[in-house]
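Chemist: After the structure tokens below, expect a handful of questions from me.
Values quoted throughout were computed directly from the atomic coordinates according to the rules given, and no laboratory measurement underlies them. Worth saying up front: this structure is predicted, and the values here are computed from it rather than measured. Cβ: placed from backbone, ideal geometry, glycine included. Neighbour counts: every protein chain shown.
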Amino acid sequence: MQWDINKLKWTREPLDFTITPEKIEIITAPHTDLWQRTYYHFRNDNAPVLQMETDETFFSFVVKTDFSGSHHRFDQCGVVLYLDSENWLKGSVEYENEKFQHLGSVVTNHGYSDWATTEIPATVKTMWYRLSRRDDDFCIENSVDGKIFQQMRICHMINAKGAIRFGVYACSPEESSFKAVFTNMKITECQWLAHDGQAPDKEA
């Protein structure tokens, strides 16, 4: 399997974007976001998502994001696996203020989102992500140089059976807009290796 821009499909096509084999650019629109219910008790499902579909059960997807233009609270762009409005995951850097921003991930199963984050300096303007699939389990990693990746999240997607869709997204939940740039996109053999410690539980 290879990353092929001819196989990409939009969920909510943005008004302003550019797609080439080497680069994807998305100009975000204000008040666009992905979030479901938890804590805030509202539901936002209008961010543009650009994905390709696969039934491969073991692979890794790598992408570099450039968010130099982000400047307003919650501006974000990153990697995504969007099945439908109530089942998806995303990894991104969300702008907070001139001092720090949030590197984090959101996993949404059956209409409820969680958010795991860590603060990083606001001077960071690029980030690599690697999304790996092992059946219906997934791993999100990040890297500042595209060489050394660090684990952000291991998760299970309840509805990720068979064919799935994965790719990139960008949005500005508040009154903002910026240019999100995606490069170095590639698909490789699964870099998330099988667990070599405790043996899995045997089914009764």
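Chemist: What are the ³J(HN,Hα) values, in whole Hz, obtained from phi via the Karplus relation 6.51 cos²θ - 1.76 cosθ + 1.60 with θ = phi - 60°, for each residue of the stretch 9-18 in sequence order, with x given for Gly and Pro?
Modeler: Result, rounded to whole Hz: 9, 8, 10, 6, 5, x, 6, 9, 7, 9.
Chemist: Once Rh for the stretch 58-175 is found with the Kirkwood sum over Cα pairs, what is the Stokes-Einstein diffusion coefficient at 20 °C and 1.002 mPa s, in µm²/s?
Modeler: In µm²/s, the coefficient is 149.
Chemist: Considering amide H positions built from the backbone, and no H for Pro or chain starts, which residues 5 or more places from Ser172, or on another chain, come under 5 Å of its amide H?
Modeler: Amide H neighbours of Ser172, under 5 Å, 5+ apart: Ala29, His31, Thr32.
Chemist: Still on this structure: Each residue of the stretch 112-120 in turn: what ³J(HN,Hα) in whole Hz from Karplus with 6.51, -1.76, 1.60 and θ = phi - 60°, glycine and Pro shown as x?
Modeler: 10, 9, 10, 9, 10, 9, 9, 7, 10
Chemist: Right, something else. If each Cα of the stretch 121-163 is one equal point scatterer, what is log10 of I(q)/I(0) from the Debye formula at q = 0.20, 0.23, 0.26 Å⁻¹?
Modeler: Debye output, listed in q order: -0.67, -0.78, -0.87.
Chemist: Does anything in the stretch 62-94 have its amide N under 17 Å from the 7 Å Cα→Cβ label point of Thr38, and if so which residues?
Modeler: 80-94
Chemist: How do 12-22, 90-100 rank on mean C-beta neighbours within 10 Å, highest first?
Modeler: Order by mean packing, descending: 90-100, 12-22.
Chemist: Here is a follow-up. With +1 assigned to the C-beta of every Lys and Arg and -1 to the C-beta of every Asp and Glu, and no other charges, what is the dipole magnitude of the stretch 66-204 about the Cα centre in debye, to the nearest 20?
Modeler: Value, rounded to 20: 380 debye.
Chemist: Testing the spin-label approximation: label points 7 Å from Cα along Cα→Cβ at Ser68 and Glu22. State their distance in nm.
Modeler: Going from the Ser68 label point to the Glu22 one covers 1.5 nm.
Chemist: Mind listing which trypsin sites (Lys or Arg not before Pro) in the stretch 153-187 are in a DSSP loop and have 15 or fewer other Cβ atoms within 10 Å?
Modeler: Counting only loop positions with at most 15 other Cβ atoms within 10 Å, the trypsin sites (Lys or Arg not before Pro) in the stretch 153-187 are Lys161.
Chemist: Would you please give the residues with an amide H less than 5 Å from that of Arg37, counting only those at least 5 places away or on a separate chain, with H modeled from the backbone geometry?
Modeler: Phe42, Arg43, Asn44
Chemist: In addition: If each of Glu98 and Ala122 carries a label point 7 Å out from its Cα toward its Cβ, how far apart are those two points in nm?
Modeler: About 0.6 nm separates the two model spin labels.
Chemist: First select every other residue whose beta carbon is under 9 angstrom from the beta carbon of Gln76; then total the charges, Lys and Arg +1, Asp and Glu -1.
Modeler: Computed value for this residue: -2.
Chemist: Follow-up. First select every other residue whose beta carbon is under 12 angstrom from the beta carbon of Glu53; then total the charges, Lys and Arg +1, Asp and Glu -1.
Modeler: Here the charged neighbours net out to 0.
Chemist: A further question follows. Using the per-residue mean of other Cβ atoms lying within 10 Å as a proxy for protection, in what order, highest first, do the peptides 50-57, 1-8, 77-84 fall?
Modeler: Listed from highest to lowest mean packing, they are 77-84, 50-57, 1-8.
Chemist: Next question, about the same structure. When the Kirkwood radius is taken over all Cα pairs of the stretch 113-204, what Stokes-Einstein diffusion coefficient follows at 4 °C and 1.567 mPa s, in µm²/s?
Modeler: The estimated diffusion coefficient comes to 80 µm²/s.
Chemist: Using a 7 Å offset from the Cα along the Cα-to-Cβ direction at both Asp136 and Gln191, what is the distance between the two label points in nm, to one decimal?
Modeler: 2.7 nm
Chemist: Straight-line reach from Lys186: which lysines fall under 18 Å, measuring Cα to Cα and dropping same-chain residues less than 8 apart?
Modeler: Lys7, Lys9, Lys23, Lys64, Lys90, Lys147
Chemist: Which residues' amide hydrogens lie under 5 Å from the amide hydrogen of Trp3, considering only partners 5 or more residues apart or on another chain, with H built in the peptide plane?
Modeler: So Trp3 has HN proximity to Ile187.
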